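Structure, as C-alpha cells:
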Amino acid sequence: MMKKHRLPAAVLALAALGFTLGTCEFVIVGILPDIAAGLNVSLAAVGRLVSVFAACYAVGTPLLTALTGRMDRFRLLIGLMLLFLGVNVLSMLAPGVTVLYASRVVAALVSGTLTAVAMLYAKEVSSPEQTARAISAVYAGFSVAAVAGVPIGTAVCHALGWRATFGVILAMGLVLLPVLARLLPREIDVPLAEGCLLNQFAVLRDSRCWHCVLMVLFSASATYTVYTYLTPTLTGTLGLPETAVSPVLLGMGLCSAASNLFSGCLAEKGGLKPLPVFFAAQVLLFAVLPLLLVNRWLGLTGLFAMGLLMYLLNTPVQVHSLGLAEAEYPAAASLCASVQPVSYNFGIAVGSFAGSLVQDAWGLRLLGVPAAVFALLSLWQCRGLLRSIQRGKTRR
C-alpha cells in the first residue's frame, strides 16, 4: 500500500530540478548589493536584473516551447540542462554587468522551457491518480527554493562572495544532470508538434485556455501588489524591528510552501471547482487588509493568510492545462505546460508595477485596494473558465 502511494523517484528528481531553477531565479534578490559592489555599479543597475528575468521568462517561454515542440523531449531536457550549466558558468565569471545581464536573459529563457518540460515528465512518470501530487511536488521545489535556497545562497554570498553563489547553483545542476538522465524515460507519450508554428498557438483562442491565463495573471497580480513591498510593510507600517524581518519572511515562505502542497490536494479532490471560494477569500482579505495593518498582530495574520492563499491555484491549473492539451491540442502540449508559470510571471510584473504606483501615491497601507480589484478579476475569470468547461462537456 505504501509503494502504491509513493511518488516515483523520477518525480523527486523533477522536484529537485524545481528547487534548482527556483534558487537560480530567486537568489538574485538576496545578493544584489554584493553584485553591485563587486562589479562597481549602482544598486539600481543590478536591481533591474529581477524585472528583466521575469519579463524574458514570461515573453520568451511560450515562444521557445512552441519552437521546440518538434524536438525529442528527453534530448531537449538534457540539452537545456547543459545550457543551464553554461549560463551559470557565465554568470559566475561575468566580468561586467552587461555580460551578467546577457547570462540572466538566457537563464530566464532556459528556466521557463525546462519548467514546461518538467511538467510534461511529471505527468508521464506518475500514475493517473498520482498526477496532481507529482505536479504539486515539482512546484513545491520552487517553494522550498524560496524558503531555503535563497537564504543558503545569500549566506554563501556573504561568506565567499556573490560569484560563489552561482557556483553553488552550478554544482546543484551538475549533480542533478546525471540523476535526471538515469531516472527519466527516453521516450514519453506526448505527441510532437506538427505543421505551422502558429498552429500550436490555436489553443490560446480556446476560452478554456485564455480564461485560465487571465485567472492566473490576475491572481498573481493581486498577491504581488502587496508581496513585492512585504519588507517595507513589516518595518514601516507594522513597526517591526529589522531583526524580526527574517523570521517573518521564513514564516511567509513556509505558508507559501504549505499553499503549494495543499494545491495538490485540491487538484485531486475537486480540480478547479473549489477555486472560486478561495478567490473570494482573497478578495475579502485584500479588501480588509488596510484595516488589518493598523494593528501589528492583525496585520501579520493577514499577511500570513495571503501566503496560504497565494499558490492554491498552481496544481489545479497545471492539471487542467495538461488535460486540455492531451484531449484536444496534443501538438501544443509543451505550450500548454507553460501556461501557469508564464501567466504567473506576467502577473508578478503587473502587480509589482501597480504596487509601485499605489505606494508612491498613497502609501503602503492601501496596497490591499488594487490587490482586491485584481483578486475580483481573477474570481470573474475563474467563473468564466468553469462555465466554458461545462459548455464543452455539454457539447460532447
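In terms of Cα atoms, the Rg and Dmax of segment 1-76 work out to 18.1, 59 Å.
Positive contributions from Lys and Arg (+1) and negative ones from Asp and Glu (-1), summed over other residues with Cβ under 13 Å from the Cβ of THR315, come out at +2. Solvent exposure of the chain, expressed per residue, is 43 Å² of accessible area, with all protein chains present and a 1.4 angstrom probe. In order along segment 149-165, phi translates into HN-Hα couplings of x, 5, x, 5, x, 5, 5, 4, 4, 5, 7, 10, x, 5, 5, 5, 4 Hz, rounded to whole numbers, per the Karplus curve 6.51 cos²θ - 1.76 cosθ + 1.60 with θ = phi - 60° and x for Gly and Pro. Scoring 277-283, 343-349 by mean Cβ neighbours within 10 Å over their residues and listing the highest first yields 343-349, 277-283. For segment 26-122, just list the percent of Cα-Cα distances falling in each 10 Å bin from zero outward, please. Values per bin, smallest distances first: 16, 45, 27, 11, 1.
Per residue, the Cα convex hull of segment 282-391 amounts to 97 Å³. Scoring 147-157, 245-255 by mean Cβ neighbours within 10 Å over their residues and listing the highest first yields 147-157, 245-255.
Every Cα-Cα pair of segment 74-172 was included, and the share exceeding 23 Å stands at 35 percent. Here the Karplus curve 6.51 cos²θ - 1.76 cosθ + 1.60, taken at θ = phi - 60°, turns the phi angles of segment 86-93 into couplings of x, 5, 6, 4, 5, 4, 5, 9 Hz, with x standing for Gly and Pro. Only one residue of ALA181, PRO316, SER111 has its Cα farthest out toward the positive end of the dipole of the chain, where Lys and Arg carry +1 and Asp and Glu -1 on Cβ, and that residue is PRO316.
By the Stokes-Einstein formula, at 1.002 mPa s and 20 °C, the chain with its Kirkwood radius over alpha-carbon pairs has D equal to 100 µm²/s. Across all C-alpha atoms in segment 202-268, the radius of gyration and Dmax reach 16.7, 52 Å. Scaled against 2.2 N^0.38 Å for its residue count N, the alpha carbon radius of gyration of segment 208-344 is 1.17. The string of couplings for segment 174-184 from the Karplus curve (6.51, -1.76, 1.60, θ = phi - 60°) is 5, 5, 6, 4, x, 5, 4, 4, 7, 8, 7 Hz, one whole number per residue in order, with x for Gly and Pro.
Where the alpha-carbon atoms of segment 87-244 are placed on the principal axes, they occupy 54, 39, 36 Å, in descending order. In the elastic network of the chain, a GNM with C-alpha springs shorter than 10 Å, the most mobile of ASN40, ASN314, ASN260 is ASN40. Between the listed residues VAL11, LEU275, GLY38, the Cα displaced farthest toward the positive end of the dipole of the chain, a dipole computed from Cβ unit charges relative to the Cα centre, is found at LEU275.
As a fraction of the 1.4 Å probe accessible area of the chain, surface on carbon and sulfur atoms comes out at 69 percent. Of the residues GLY86, VAL59, MET71, the one whose Cα sits farthest toward the positive end of the charge dipole of segment 29-152, with +1 on the Cβ of Lys and Arg and -1 on the Cβ of Asp and Glu, is MET71. Each Lys and Arg contributes +1 and each Asp and Glu -1, all at the Cβ; summed about the Cα centre of the chain, the dipole is approximately 820 debye.
A simple charge model with +1 on the Cβ of Lys and Arg, -1 on the Cβ of Asp and Glu and nothing else charged puts the dipole of segment 181-320 at about 180 debye relative to its Cα centre.
The values are calculated or read from the model by the stated rules, or taken from the named source; none is laboratory data. This structure is a prediction, so every number in the text was calculated from the model and none was measured. In this analysis, Cβ positions are derived from the backbone assuming ideal geometry, glycine residues included, and neighbour counts consider all displayed protein chains. SASA here: full protein model, heavy atoms, side chains in, ligands and nucleic acids out. Shrake-Rupley method; radii C 1.70, N 1.55, O 1.52, S 1.80 Å.
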